[in-house]
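Notes to accompany the following structure.
The values are calculated or read from the model by the stated rules, or taken from the named source; none is laboratory data. If you're wondering where the values come from, they're calculated on a predicted model, not measured in any experiment. All Cβ positions, even for glycine, are placed from backbone atoms using ideal geometry, and neighbour counts span all protein chains on display.
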Amino acid sequence: MRTLSHDPFVLFSAESPFKALNRTQFPTKKAVHNTNSTCWSIALSLIYSVFTACKRYQRFIRMPAECIANPLQRELADSIIRMQPLDEIRILLACGAKPNEPVTQGLRPLHYAVWQRYEDAAQLLLVRGADIDATDECGYSALHLAAEHGYLDLVKLLLKYGAKVDHRQDTGELFPRTMLCDEPLRLALRNRHIEVARTLLEAGANPNKRYFFGSEINLVSPLDLECMELLLTFGAQPNTRDRAGLTPLMKAARLPQGMSSVLLLLNYGADVNSMADARHDYRTVLHYAILGGDPAVINLLLKQGARLDLGPDYQKPSALDISILKGDPSIVEMLLNSGADVNATSPIIGSPLHVACADNIPNRLEILCMLLERGADPNLVIRSDDGPALRPVLAEYVASNENPSVEVVALLLKYGARVVIKTQFRDPHGILNSLQNTADKPRLLRALLEAAESFDPCMIRRSSSLTDAQKALVMEAARTPLPLTHQARLIVRKLCGTKLPKIVRRLQLPQSLHRYLLYDFH
């Protein structure tokens, strides 16, 4: 068996397992012979133990291959990180470190100088030939780092030496695929480094750069006035759409606190009548303002020319429909005063009266009064996309609400709603199949039967939506001939139409007849 020599010059010779050590680190042979042999043996044993352990764990402690291959680059990066004096960096460069070679993962010495905000080192590297636009494996240049962290002084330095402000190639796609990194301008805006963004824009950064989710201005919060105004000042398009098809004005109008942003965008020419696509039911800016619920924004848009009438081909809910669903009478009144059509129809949701009669509408009675007073027709026949007619307004209210109110029914009757106890197949105004919610409302059912103008006994008997008690009550009314007074009332109501309440007031008749003509049940 081979034994280790106690002579240190043999131990650290070329044949020794410790040949990697520098011989000059150990005592000379003369000094060794003057040393106590016991102490020397202990020292050698300790040294051997340490190097055995190092050899054992060598495979676990490895530096990146590029650092091992070029240790001077690693030393240069470390000196920059420690912000060593420039003279030491110059010495490393003189000894062979390169200002433009990667240290690890594509990072150049210039990246480290910018990261540490070591401006003097960055300038030295640039003077020595560092590639100012070199990127790491993620596509980040030194300017990306400076912009992301808001290092204005370094941004100006890099721009002074000619750094590119736009790195992504323009592919012509409206929503290009996501790249490894965004532009320096996007990084500055995302982190709200306003002055850095301004400096980049002054240097020629594109304010309309396209990304996967939209343009620069689409990626800025509608409430971030500083960033929005900065982009608009340097030429950002105010009507550009994001991936969802929305413009900045739509998003600003949707926010309850978006008034300042709306004013800013309108000042730069945003289209007040821009319309979303099918994904958003072709809503306009006015639709989003109504959803936001700020009357001041709605009023501003109307004064700026927002259109309420979108033409006969528009079949989605109108701005008036949205305001009714929201249940804010002040907004409904504002739209009506601006000329909203109370009889505009849609094959999907019907007329504004249909919307007001749907379930869970706040302030329903007040909104219905506004619509009816302005000429809304409760007897409109509206065909659906499939062909059959939608339910009449009266039937819509009774069928959609589990607890229908006599007051609402009386209001509809007052303005001319017809009561036809037939199926819609027999008569488009028929409400026979919509009476299920009157089962525990005998007063309401009697009021409807009193106002009925015709019945279909055959279909009443076959109806599956009526209880036995309801059938008995309805059949009794159907078998009873209409009184002459009621027939006369029906004729007067037919002649007067929706203007009946205004005409009745001018008729020289007793108040009791006024109430009779208007179905005043109180």
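Below is a table of values for the structure above.
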| quantity | calculated |
| --- | --- |
| The range 319-332 residues that are under 14 Å from Asn343 (Cα atoms) and in contact (Cβ under 8 Å) with a residue 12 or more places away in the chain, paired with ones that are surrounded by fewer than 23 Cβ atoms within 10 Å (Cβ to Cβ) and small (Gly, Ala, Ser) (beta carbon under 6 Å, 6 or more apart) | Leu320/Ala340 |
| Residue in the range 167-183 that is closer than 25 Å to Val127 by Cα, without any contact (Cβ under 8 Å) to a residue 12 or more places away in the chain and not hydroxyl-bearing (Ser, Thr, Tyr) present | no |
| Test: residue in the range 150-160 that is assigned to a helix (DSSP H, G or I), exposed (fewer than 14 other Cβ atoms within 10 Å of the Cβ) and not hydroxyl-bearing (Ser, Thr, Tyr) | yes |
| Residue that is in a loop (DSSP other than H, G, I, E, B) and buried (at least 22 other Cβ atoms within 10 Å of the Cβ), where the choices are Leu412, Leu466 | Leu466 |
| Matching residues in the range 250-278 - criterion: being in contact with a helix residue (DSSP H, G or I) (Cβ under 7 Å, 6 or more places away or on another chain) and within 23 Å of Pro176 (Cα to Cα) | Met250, Ala276 |
| Top-ranked residue in the range 296-331 [being over 26 Å from the mean Cα position of the chain (by Cα) and of a type outside the set (Gly, Ala, Ser); ranked as nearest to Val262 (Cα to Cα)] | Lys303 |
| Candidate set from the range 108-136 (those that are crowded, with 18+ Cβ neighbours inside 10 Å, aliphatic (A, V, I, L, M) and part of a helix (DSSP H, G or I)); member that is farthest from the chain's Cα centre (by Cα) | Leu124 |
| Those helices (runs of 4 or more DSSP H) lying entirely in the range 477-522 with at least 3 residues at pLDDT 90 or above and loosely packed, with under 14 Cβ neighbours inside 10 Å | 484-496 |
| Selection within the range 469-518 - β-branched (Val, Ile, Thr) and either in contact with a helix residue (DSSP H, G or I) (Cβ under 8 Å, 6 or more places away or on another chain) or more than 16 Å from Leu413 (Cα to Cα) (or both) | Val474, Thr480, Thr485, Val492, Thr498, Ile503, Val504 |
| Flag for Ala188 being hydrophobic (A, V, I, L, M, F, W, C), assigned to a helix (DSSP H, G or I), under 30 Å from Met250 (Cα atoms) and in contact with a helix residue (DSSP H, G or I) (Cβ under 6 Å, 6 or more places away or on another chain) | yes |
| Pair list, Cβ under 7 Å, 6 or more apart: the range 93-117 residue more than 16 Å from Arg128 (Cβ to Cβ) and hydrophobic (A, V, I, L, M, F, W, C), other residue part of a loop (DSSP other than H, G, I, E, B) and modelled with pLDDT under 95 | Leu107/Asp136 |
| Pairs, first farther than 13 Å from Thr247 by Cα and aromatic (Phe, Trp, Tyr) in the range 281-292, second at pLDDT 95 or above and in a loop (DSSP other than H, G, I, E, B), C-beta under 6 Å, six or more apart | none |
| Residue within the range 201-213 that is at pLDDT 95 or above and assigned to a helix (DSSP H, G or I) present | yes |
| Boolean, Ile298 is modelled with pLDDT of 95 or more, in a helix (DSSP H, G or I), within 19 Å of Gly245 (Cβ to Cβ) and among the aliphatic types (A, V, I, L, M) | no |
| Residues that are among the aliphatic types (A, V, I, L, M), closer than 14 Å to Ala146 by Cβ and not in a helix (DSSP H, G or I), drawn from the range 161-185 | Ala163, Val165 |
| Meets criteria (free of Cβ contacts under 8 Å to residues at least 60 places away in the same chain, of a type outside the set (Phe, Trp, Tyr), out of contact with any Cys (no Cβ under 9 Å at 6 or more places or on another chain) and part of a helix (DSSP H, G or I)) for Val262 | yes |
